[in-house]
1. Can you tell me which condition residue A:89 does not meet? The list is (1) touching a Ser or Thr at 6+ places or on another chain (Cβ under 9 Å); (2) within 14 Å of chain B (Cβ to nearest Cβ); (3) among the aliphatic types (A, V, I, L, M), and all the others hold.
2. Suppose we filter A:34, A:27 for residues that are within 9 Å of DNA strand D (Cβ to nearest atom) and either away from chain B (no Cβ under 14 Å) or of a type in the set (Gly, Ala, Ser) (or both); which single one remains?
3. For the stretch B:4-15, state whether one or more residues are among the charged types (D, E, K, R), in contact (Cβ under 8 Å) with a residue 12 or more places away in the chain, open to solvent by 30 Å² or more (accessible area, probe 1.4 Å) and more than 10 Å from chain A (Cβ to nearest Cβ).
4. Which ones in the stretch B:1-17 are within 12 Å of DNA strand C (Cβ to nearest atom) and out of contact with any Leu (no Cβ under 9 Å at 6 or more places or on another chain)?
5. Could you say which residue among B:68, B:121 is away from DNA strand C (no atom under 16 Å from the Cβ), in contact with an Asp or Glu (Cβ under 9 Å, 6 or more places away or on another chain) and not charged (D, E, K, R)?
6. Quick one: which of B:32, B:42 is surrounded by 16 or more Cβ atoms within 10 Å (Cβ to Cβ) and over 31 Å from the mean Cα position of the chain (by Cα)?
7. On the given criteria, is residue A:300 within 28 Å of residue A:217 (Cα to Cα) and buried (at least 17 other Cβ atoms within 10 Å of the Cβ)?
8. Might you check whether a residue that is closer than 25 Å to residue B:200 by Cβ, out of contact with any Cys (no Cβ under 6 Å at 6 or more places or on another chain) and touching a residue at least 60 places away in the same chain (Cβ under 8 Å) occurs anywhere in the stretch B:305-315?
Number of protein chains: 2
Amino acid sequence: MAEVTLKDVARASGCSVATVSRVLAGTRPVGAETARTVREAATRLGYRPNHVARALRRRATGTVGLVLPQITNPFFPALVRELEHALHAAGRALLLADCDDDPATEAARIAEFLDRQVDALVLIPVDERLSREAVAEAARRVPVVLLDRGCGPGVADSVAVDNAAGMALVLDHLAAAGRCRPWFVGAAGTTSTAAERRAAYEAGAAALDPQAPGRVELGDFSVAWGREAVDRIWPSRPDAIVCANDLIAVGALQRLRQLGADVPAEVAVTGFDDVPFAGLADPALTTVRQPVGELAAEAARLLGERSGDRAPGVGPSRTVRLTPELLVRASG
Amino acid sequence: MAEVTLKDVARASGCSVATVSRVLAGTRPVGAETARTVREAATRLGYRPNHVARALRRRATGTVGLVLPQITNPFFPALVRELEHALHAAGRALLLADCDDDPATEAARIAEFLDRQVDALVLIPVDERLSREAVAEAARRVPVVLLDRGCGPGVADSVAVDNAAGMALVLDHLAAAGRCRPWFVGAAGTTSTAAERRAAYEAGAAALDPQAPGRVELGDFSVAWGREAVDRIWPSRPDAIVCANDLIAVGALQRLRQLGADVPAEVAVTGFDDVPFAGLADPALTTVRQPVGELAAEAARLLGERSGDRAPGVGPSRTVRLTPELLVRASG
DNA sequence: GGCCTTTCGGAGAACGATTTCCCACGCTCT
DNA sequence: AGAGCGTGGGAAATCGTTCTCCGAAAGGCC
């Protein structure tokens, strides 16, 4: 009933724990007959290796910690799901921490995971600057991959979508549709995604139409801000509203509808991320789909490559950018 | 640079590892002067206890596994978040597994978590019947709490919203508004929530209006099904569509809008769960808000109470039902 | 036949913390 | 003064694996 240990299997099969360990782990060739006896005894007793003891000895827990800003951000669940699958496929388990969008809590959770001897960390940093110190410290101790958001150059390996390419897809699409008075509604926050999407918009919009710089309004990544931003910019009648993410875009759509604007005839609205309800909005939101599965797989792969290393900090940090895809739906 | 162990602290402070352990863990009174020296050495060296070694000796990892059907189900992220917070407050870490709505995968993940020596499990079972065996087996080995969904009587402790009460709130509200030709759009699936909400609707609707039994349409918990169900039932012009969850309700709203129906003047639509985009639908969805924070806190509390026990399976299993709240919004 | 090389298996030392004994010392009580 | 007791501290067992030595037996080569 209680726990069956290697010792029990050894006793039952009449050999030493060393031999049993070798048979079950396959670390060294063992005589065919002995191996059979051992395996038979192990299955008969229902032996299950104790991961804790193994972790102590091997100095590896087979565990990866994920610290993210807010699991309730609708973009993250799919990412978590894919990451969990990718890690599971590599035989590793996922410890999850939600840090409530607070850099101090984030640092504390990272430290706790390190205390728990995670083999590696996947981090979606709360803030590009405020998270940097904690991330760098963590990267000195275990392999770290930054996911979706960056944290300054050279701090750790990083996997994210190519925000510039995504924004370019949006602008090209709008240009092809003859929209020439776009407005950007973004986030003032100091996450890398906010900054990159804004910079990409400005670069692209300037190339598109040198007359219309500065048609940019910054708030945060929320539905409420999308509504408010429309109140501010609608009087100047843009023919397209490019939003930095889908939450903003959904808010914008809501308010435009309330104001009686015709989307997309009068004004196009685009989002970014393709969160689950982007396709449910009315009209369905044109947006940039992130390759979530690939992002997660890439993060797991980078982790796997680093995990052989002795010292985690060695070698240049790698940055992977994956190309997104434009989903043209009814809103533009 | 490398790992500082108890032995290092012992050497630095000139006493034995036993004493250091006692000072740091506070398990036995130690001389004031010695304690000071030890503590000073520990902080000076930056000692951090090794959780793996501790877990091996104490036979407790301080870890709780959560296995859920699909993290992408929009109701779950908030629940996960609250659960993570509650467990963290109790000093425990959360291992997450997403089983893709598949009972076989679910059983496998549960077994893997047991192999990893989790102290307890929180399970959101995929299916009331098909998950039962794996859940019962797990409950024999560690404390288990079923969250949100049940798994037959007496299998394990369980925490969920009172679905019957929630449905009663909806029906009372509709009755008060004079709606007397409701229709129910539910899920045929074999989860406890699907069955309970359907049963509660039937009980309440029969009491409300004995003329209208059987006005029930069953599919699954999805937006697509909500759309399809409306196509089937709209010809008979119900004055209310009671949906078993918000996904269905959002689909129903979409299709009703496409059909030119006036919500709520012509027909009311209600949901269940209050997922994030329920308030974003147009018109905003009247729904039943689940007390997510309390559900998670209660689950953590039950786990804490069981965790003292030697044998997990002892004692009658407890079922906690929390009362939901009706959120009246524009859709009805 | 002696020597060298494989091959197979066991004994036992880690891994780092907790915890059970056990001893030494100092005090009190008779 | 000797017995008894409480207190502070150390030595070592323990948790369940993995892995490094070591030794024994067997086979090949000259």
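The values are calculated or read from the model by the stated rules, or taken from the named source; none is laboratory data. Given the structure is predicted, the values throughout are model-derived calculations rather than measurements. Glycine gets a Cβ as well: all are built from the backbone with ideal geometry, and neighbour counts include every protein chain shown. Remember, those area values only see protein heavy atoms, side chains included, never the ligands or the DNA or RNA. Shrake-Rupley method; radii C 1.70, N 1.55, O 1.52, S 1.80 Å.
1. Of (1) touching a Ser or Thr at 6+ places or on another chain (Cβ under 9 Å); (2) within 14 Å of chain B (Cβ to nearest Cβ); (3) among the aliphatic types (A, V, I, L, M), only one is false for residue A:89: (1).
2. Working: A:34 fails: within 9 Å of DNA strand D (Cβ to nearest atom).
The conditions single out A:27.
3. Step one: of the stretch B:4-15, the residues among the charged types (D, E, K, R) are B:7-8, B:11.
Remaining after also requiring in contact (Cβ under 8 Å) with a residue 12 or more places away in the chain: B:8.
If we keep only those that are open to solvent by 30 Å² or more (accessible area, probe 1.4 Å) as well, we get B:8.
In the following step, the residues that additionally are more than 10 Å from chain A (Cβ to nearest Cβ) were identified as B:8.
Within the stretch B:4-15, one or more residues are among the charged types (D, E, K, R), in contact (Cβ under 8 Å) with a residue 12 or more places away in the chain, open to solvent by 30 Å² or more (accessible area, probe 1.4 Å) and more than 10 Å from chain A (Cβ to nearest Cβ).
4. Pass one, the stretch B:1-17, residues within 12 Å of DNA strand C (Cβ to nearest atom): B:2-11, B:15-17.
Correct list: B:2, B:3, B:5, B:7, B:10, B:11, B:15, B:16.
5. Numbers: B:121 fails: in contact with an Asp or Glu (Cβ under 9 Å, 6 or more places away or on another chain).
Matching residue, one of B:68, B:121: B:68.
6. Working: B:32 fails: surrounded by 16 or more Cβ atoms within 10 Å (Cβ to Cβ).
The match here is B:42.
7. On the way: within 28 Å of residue A:217 (Cα to Cα): no; buried (at least 17 other Cβ atoms within 10 Å of the Cβ): yes.
Against the criterion (within 28 Å of residue A:217 (Cα to Cα) and buried (at least 17 other Cβ atoms within 10 Å of the Cβ)), residue A:300 does not qualify.
8. Step one: filter the stretch B:305-315 for residues closer than 25 Å to residue B:200 by Cβ, giving none.
Checked against the condition, which is being closer than 25 Å to residue B:200 by Cβ, out of contact with any Cys (no Cβ under 6 Å at 6 or more places or on another chain) and touching a residue at least 60 places away in the same chain (Cβ under 8 Å), the stretch B:305-315 yields no hits at all.
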